[in-house]
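Taking it in order: structure first as structure tokens, then the write-up.
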Ligand SMILES: Nc1ncnc2c1ncn2[C@@H]1O[C@H](COP(=O)(O)OS(=O)(=O)O)[C@@H](OP(=O)(O)O)[C@H]1O
């Protein structure tokens, strides 16, 4: 009886046990009759149990195996068995049927899984993906997505704003990385910076709007990489994660690469201030002033000095809302690493980009698995007579305490969470106030100006 009981053990073991129980020489007609008799008896017992609404552990298990139910139904049966309770015949019968159906469904789903490059649901392939027709894309965004293909960038240069991102992006585009198309009179810099995730008006157009800008990248002359280099994305990790995650059903994590360049935060602020004063000077009175330019303006429209801006606007905004400040790198990077995985993010130092650009290019090439050639141009320098090339002690005293702790936090985070293996390790401490143009120029801010070269050190 023991041997016979082995026969109705879990299916994975059944063949082996049959062989052990009935060696070829002993496997007589009589033995076969025994087996058949056992099958019939068990079936009768089962039938009886189902009509008497009682199931015990052993009969349930044996029936499960004998009638070929799936492993999951075995698990289901053994779960039931721990209760050793009564079930209605109809509910037990139904469970069994459902299990068969489940298995069928599972099998069907398995065969429906993408197997070729033409069937790319959930897979980003050279940036081109197809999307599930039922997905809702974008937090708070309610348009239904149709079955057309989505084409999303597979490299994002997420910042930091004013950290040499134009130079890096230009070099990548020059080497054949695909850039966005612009439509309907959009400014040309939208080719590099699509501003989909950071500008609400564009974001609420939906992911198709974004994809549309990259569709040409996925044609016959398909490029290996598609890049969006919007440096304000540094602040939008969650939005980007959610959109990619929903559009690609989690598959993006294996393909999306993120690059970020970090610049000493006070120099970055100076550069951003210069950027805005430069552009404001080019505007005429009828031009619309972008929201992000307003905080360097007094209410009467005149531009405040960098000292004034540092001591009032910047100090207040960084203190009250640090996550809205790009220079609080540690917090932004923690969020990106958390959502995307640290190894998917290449963190570059602006100081290296400036002093050893070939080393920075080597890192990018290693990260992307490419052999892109050439050098970085000087891009987006915004040269003008009014450009601040140094800052006053007053501004420095206002800003240094705001960033000091956060810089330490950044070094610690990068030390404790190493990135991809080609990244600088340890990440170098920022050089004190490194403005991109070394020559000394006009100081818009009042107070004693420090000599750039004399003050250079690390913070
Ligand atoms: N090749 C190279 N190496 C190092 N630094 C460079 C390079 N090209 C441009 N720059 C300096 O980078 C600053 C502009 O950064 P971004 O291009 O990221 O600006 S933007 O956010 O896209 O507007 C801007 O800095 P500032 O001059 O201090 O404003 C540029 O001068």
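Some values worked out for this structure:
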| read-out | value |
| --- | --- |
| Residue check for residue 208: over 30 Å from residue 353 (Cα atoms), more than 15 Å from the ligand (Cβ to nearest atom) and touching a strand residue (DSSP E or B) at 6+ places or on another chain (Cβ under 7 Å) | no |
| Count of the stretch 305-342 residues which are in contact with a helix residue (DSSP H, G or I) (Cβ under 7 Å, 6 or more places away or on another chain), surrounded by 18 or more Cβ atoms within 10 Å (Cβ to Cβ) and not in a helix (DSSP H, G or I) | 4 |
| Identity of the residue in the stretch 181-190, at pLDDT below 95 and within 15 Å of the ligand (Cβ to nearest atom), that ends up surrounded by the fewest Cβ atoms within 10 Å (Cβ to Cβ) | 188 |
| Subset of the stretch 358-397 (residues that are free of Cβ contacts under 8 Å to residues at least 60 places away in the same chain, part of a helix (DSSP H, G or I) and away from the ligand (no atom under 14 Å from the Cβ)) | 365, 366, 393, 397 |
| Verdict on residue 218 being crowded, with 16+ Cβ neighbours inside 10 Å, in the same structural domain as residue 291 (by TED's automatic domain parsing) and in contact with a strand residue (DSSP E or B) (Cβ under 7 Å, 6 or more places away or on another chain) | yes |
| Residue in the stretch 406-423 that is surrounded by 14 or more Cβ atoms within 10 Å (Cβ to Cβ), more than 12 Å from the ligand (Cβ to nearest atom) and free of Cβ contacts under 8 Å to residues at least 40 places away in the same chain present | yes |
| Identity of the residue in the stretch 157-179, away from the ligand (no atom under 13 Å from the Cβ) and assigned to a loop (DSSP other than H, G, I, E, B), that ends up surrounded by the fewest Cβ atoms within 10 Å (Cβ to Cβ) | 176 |
| Among (1) touching a strand residue (DSSP E or B) at 6+ places or on another chain (Cβ under 6 Å); (2) more than 28 Å from residue 311 (Cα to Cα); (3) more than 16 Å from the ligand (Cβ to nearest atom), the one test that residue 429 misses | (2) |
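The values are calculated or read from the model by the stated rules, or taken from the named source; none is laboratory data. Here the structure is a predicted model, which is why all the values come from computation and not from measurement. Using ideal geometry, Cβ is built from the backbone for each residue, glycine included, and neighbour counts are taken over all protein chains shown.
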